[in-house]
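The values are calculated or read from the model by the stated rules, or taken from the named source; none is laboratory data. Owing to the predicted nature of the structure, the values given are computational and were not obtained by experimental measurement. Positions of Cβ are backbone-derived with ideal geometry, glycine not excepted, and every protein chain shown enters the neighbour counts. Protein only, heavy atoms only, side chains kept; ligands, DNA and RNA dropped before computing areas. Shrake-Rupley method; radii C 1.70, N 1.55, O 1.52, S 1.80 Å.
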Amino acid sequence: MAEVLTRISRPQRWDVPFDAAMTDAEVDRILRLDPLSTFDPERFPASISLRGILHNDARIRRFENGDIIVREGDYGSSAFLILSGSVRVMLDSLPSAQLGRRPPQKKSFLASLAQLWSQPKYPEVRDYAGGKLMSSDDPTTVRSRQASGDEVRIFLQDVPGVLEKNRTAQLSAGELFGEIAALARSPRTATVIAEGPAELLELRWQGLRDIRKYAPEWKQHIDRLYRERSLTRHLRETPLLKNLSDDDLRQVAEQTQFESYGDFDWNTSYKTVREASAQERLAKEPLIAREGDYPNGLILIRSGFARLSRKFNHGERTISYLGKGDIYGLSALLTGAQESECPSLLFSLRAIGYLDILVIPTPIFEKFISPRFGEEEIVALRERTQRESQINLGQDAEATSGPEMLEFLVEQRYVNGTATMLIDLDRCTRCDDCVRACAASHDNNPKFIRHGRVQNGIMVANACMHCVDPVCMIGCPTGAIHRESAEGQVVINDLTCVGCATCANSCPYDNIQMVEIRDEHGGFIVDQVTQTPILKATKCDLCVDQLAGPACVRACPHDALLRADMQEVDQLARWLNR
């Protein structure tokens, strides 16, 4: 009997448009406005036409006075072009409560002690006096309202008072904002609110990227904005460049190139990719620089992660991984110059997920940066590089983890975590003291699951890792999921969470759960309109309100549990190799 095959059309990029309600009439109107009216449609290929981009990668959004368009600290994947009206950019940071976030707080010693005797009888109990989830009496408190469709929008009540107390900058029709955060996968640097009725074109990053590619004037405009607003500051904060004169730094900035690799929304395909073989996963990682090649420039990692690897037998072995702030190619550029021979790279560099880099071309490096290094520094750097290429977390002969551990952490993207929960199963007795301590610290609700992937006796538990690249924060309509402080803890404001599950669906590691909440009598709290149980997102908050830090770590009687910052490779290696 002949085998029956299932045939479907290959999925295309625009199968799911940004806004299915975008009409031809709206696209025609947008094309008549500046700066889009100045673009030459003939430069765009037929498969990615300018009209197609606007129809599928853009949407029109209308805001009322005081609506928060973007919040400082949020992660976004789109930019905004003002079509009509004006917006205000807040040059001063607004209080957390005004942005829908939970104000930083710590429980006192007595409050921490009292919670041991005041645990609710039922799971996921909430106390919402009078059925209200947010206060309406305090004019500084964030409020929400239903916009078009299912969109929930938050707004400031006292707009004149906020504008009077804070420094602002006004942007009007034709101006663009949000493009730097969208392309660099970085947090928004300012809060932007609508000043009166405003109409904006929101363009997701894929469309922004393609217009930059085929409309040179658009690319030049965006690159100029980045060079003016952020690049010089970024380079000045790089230790290698901090001693350059202002004039030299300006010349370096003018020649610096911007490059991106991989998929911006890598989390959508992550679960499929991680089930592939090691060779298949490596083949899917974009190659940036190859071992043995001439270095075209000094690479600065702006956001994302990259894999360093070296040829080993008939394949490649991971040497280490690089993240934001790391540098690649320095040793090859310096040692080659010292030895008056053509330099070559010791390692290959590949993008893991999405990677955004800056490239300082080799001639610019040799003119402005190389002369600042003395001979002793170059020799020491070369020796250290050679040593690191032989001994590292994955290759130490004494390591209990073995080379597989580093491959496992990189391929599963656990390098993204700043507080990854690792459990040594050789020491763990399954006593569940960690789970009980977590529950005792969170109103009888444990915030993690003692379950997860295992490699060489080490479990990576299903607990929020408080990622460097927190894709869960992208798309939260109310800002309920946010960073608590400069330390980077990712927390959820239970009051402003609307239960949309965007964060839970975006988390690549299944570390966010949606729960039905109850009142103190154990009954479900339901929506007064639909009469269905209200959902809330819940996850590990790293005991951000506890004086002594994560309760799970403190409670483990066998030193089997670690909350690891995956950027601290030496600390991780010492713990693995105990």
For region 54-74, pairs from a residue that is more than 23 Å from Pro160 (Cα to Cα) and at pLDDT 90 or above to a residue that is of a type in the set (S, T, N, Q) and surrounded by fewer than 22 Cβ atoms within 10 Å (Cβ to Cβ), with Cβ under 8 Å and 6 or more apart or across chains, are Asp57/Gln206
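Would you confirm whether any residue within region 150-163 is over 23 Å from Pro95 (Cβ atoms) and touching an Asp or Glu at 6+ places or on another chain (Cβ under 6 Å)? It would help to see each step written out before you state the result.
Pass one, region 150-163, residues over 23 Å from Pro95 (Cβ atoms): 150-151.
Subset that is touching an Asp or Glu at 6+ places or on another chain (Cβ under 6 Å): none.
Scanning region 150-163, I find no residue that is over 23 Å from Pro95 (Cβ atoms) and touching an Asp or Glu at 6+ places or on another chain (Cβ under 6 Å), so the answer is no.
Return the residue satisfying two criteria in turn: it lies in region 284-317 and is acidic (Asp, Glu) and within 21 Å of Tyr414 (Cα to Cα), and of such residues it is least open to solvent (accessible area, probe 1.4 Å). If you could, list the steps in order and put the result at the bottom.
Quick first cut of region 284-317, residues acidic (Asp, Glu) only: 285, 291, 293, 316.
So of that shortlist, the ones also within 21 Å of Tyr414 (Cα to Cα) come out as 285, 316.
Working: Glu285: 16, Glu316: 60 Å².
Looking at the filtered set, the residue picked out is Glu285.
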Close pairs (6 angstrom Cβ cut-off, 6 or more residues apart or separate chains): among the acidic types (Asp, Glu) in region 16-31, at pLDDT 90 or above and open to solvent by 50 Å² or more (accessible area, probe 1.4 Å) anywhere: Asp19/Arg59
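For the structure I just gave you, tell me whether Cys552 is in contact (Cβ under 8 Å) with a residue 12 or more places away in the chain and touching a Ser or Thr at 6+ places or on another chain (Cβ under 8 Å). First the steps, then the outcome.
Values: in contact (Cβ under 8 Å) with a residue 12 or more places away in the chain: yes; touching a Ser or Thr at 6+ places or on another chain (Cβ under 8 Å): no.
The answer is no for Cys552.
Please go through region 244-267 and pick out each residue that is of a type in the set (S, T, N, Q), farther than 16 Å from Ile360 by Cα and out of contact with any Pro (no Cβ under 9 Å at 6 or more places or on another chain).
Let us first name the residues in region 244-267 that are of a type in the set (S, T, N, Q), namely 245, 251, 255-257, 260, 267.
Then drop every residue that is not farther than 16 Å from Ile360 by Cα, which leaves 245, 267.
The one that is of a type in the set (S, T, N, Q), farther than 16 Å from Ile360 by Cα and out of contact with any Pro (no Cβ under 9 Å at 6 or more places or on another chain): Ser245.
Here is a yes/no grid of residues against (1) under 25 Å from Tyr354 (Cα atoms); (2) at pLDDT below 85; (3) not charged (D, E, K, R):
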position	(1), (2), (3)
Leu381	no, yes, yes
Thr400	no, yes, yes
Pro403	yes, yes, yes
Gly417	yes, no, yes
Thr420	yes, no, yes
One residue from Ile180, Ile211, Ile154, Ile193 being β-branched (Val, Ile, Thr) and touching a Pro at 6+ places or on another chain (Cβ under 9 Å): Ile154
Which one of the conditions (1) more than 27 Å from the chain's Cα centre (by Cα); (2) crowded, with 20+ Cβ neighbours inside 10 Å does Val192 fail to meet, given that it meets all the rest? (1)
Within region 170-183, is even one residue in contact (Cβ under 8 Å) with a residue 24 or more places away in the chain, among the aliphatic types (A, V, I, L, M), open to solvent by 10 Å² or more (accessible area, probe 1.4 Å) and in a strand (DSSP E or B)? yes
Complete set of residues in region 82-93 that are open to solvent by 10 Å² or more (accessible area, probe 1.4 Å) and assigned to a strand (DSSP E or B): Leu83, Ser84, Gly85, Ser86, Arg88, Val89
Could you list, in sequence order, the residues of region 172-228 that are among the charged types (D, E, K, R), modelled with pLDDT of 85 or more and touching a helix residue (DSSP H, G or I) at 6+ places or on another chain (Cβ under 9 Å)? Glu179, Arg188, Glu195, Arg204, Asp210, Arg212, Lys213, Glu217
Anything in region 443-491 that is within 26 Å of Pro95 (Cβ to Cβ) and free of Cβ contacts under 8 Å to residues at least 12 places away in the same chain? List them, or say none. Ala486, Glu487
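Within region 443-467, track down each residue that is open to solvent by less than 50 Å² (accessible area, probe 1.4 Å) and either in a loop (DSSP other than H, G, I, E, B) or acidic (Asp, Glu) (or both). Spell out the reasoning first.
Our first condition is that a residue be open to solvent by less than 50 Å² (accessible area, probe 1.4 Å); within region 443-467, this holds for 445, 447-448, 452, 455, 457-467.
Result: Asn445, Lys447, Phe448, Gly457, Ala463, Cys464, Met465, His466.
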Hey, could you check region 15-46 for residues that are assigned to a loop (DSSP other than H, G, I, E, B) and of a type outside the set (A, V, I, L, M, F, W, C) and say which is nearest to Gly207 (Cα to Cα)? Pro17
Single residue of region 489-548 satisfying the filter (of a type in the set (Val, Ile, Thr), open to solvent by 30 Å² or more (accessible area, probe 1.4 Å) and not in a strand (DSSP E or B)) that is modelled with the lowest pLDDT: Val529
Members of region 54-68 that are farther than 21 Å from Pro17 by Cα and aliphatic (A, V, I, L, M): Ile68
For residues that are under 24 Å from the mean Cα position of the chain (by Cα) and open to solvent by 80 Å² or more (accessible area, probe 1.4 Å), tally how many sit in region 225-258. 6
Testing Ala79 on (1) in a strand (DSSP E or B); (2) open to solvent by 20 Å² or more (accessible area, probe 1.4 Å); (3) under 29 Å from Asp469 (Cβ atoms), one condition comes back false. Which one is that? (2)
Selection count, region 554-566, where residues are in contact with a helix residue (DSSP H, G or I) (Cβ under 8 Å, 6 or more places away or on another chain) and either in a helix (DSSP H, G or I) or open to solvent by 60 Å² or more (accessible area, probe 1.4 Å) (or both): 3
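Please go through region 39-67 and give me each residue that is within 18 Å of Ser84 (Cα to Cα), open to solvent by 10 Å² or more (accessible area, probe 1.4 Å) and not basic (Lys, Arg), ordered by number. Walk me through how you get there before you give the answer.
So in region 39-67, the residues within 18 Å of Ser84 (Cα to Cα) come out as 54, 58-67.
Then drop every residue that is not open to solvent by 10 Å² or more (accessible area, probe 1.4 Å), which leaves 59-62, 64-65.
Passing the criteria: Ile60, Glu64, Asn65.
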Mind checking which pairs have a first residue in region 301-330 that is within 13 Å of Asp356 (Cα to Cα) and a second that is in a strand (DSSP E or B) and among the charged types (D, E, K, R), Cβ under 7 Å, 6 or more apart or different chains? Arg302/Asp356; Ser303/Asp356; Gly304/Asp356; Ala306/Arg350; Lys324/Arg302
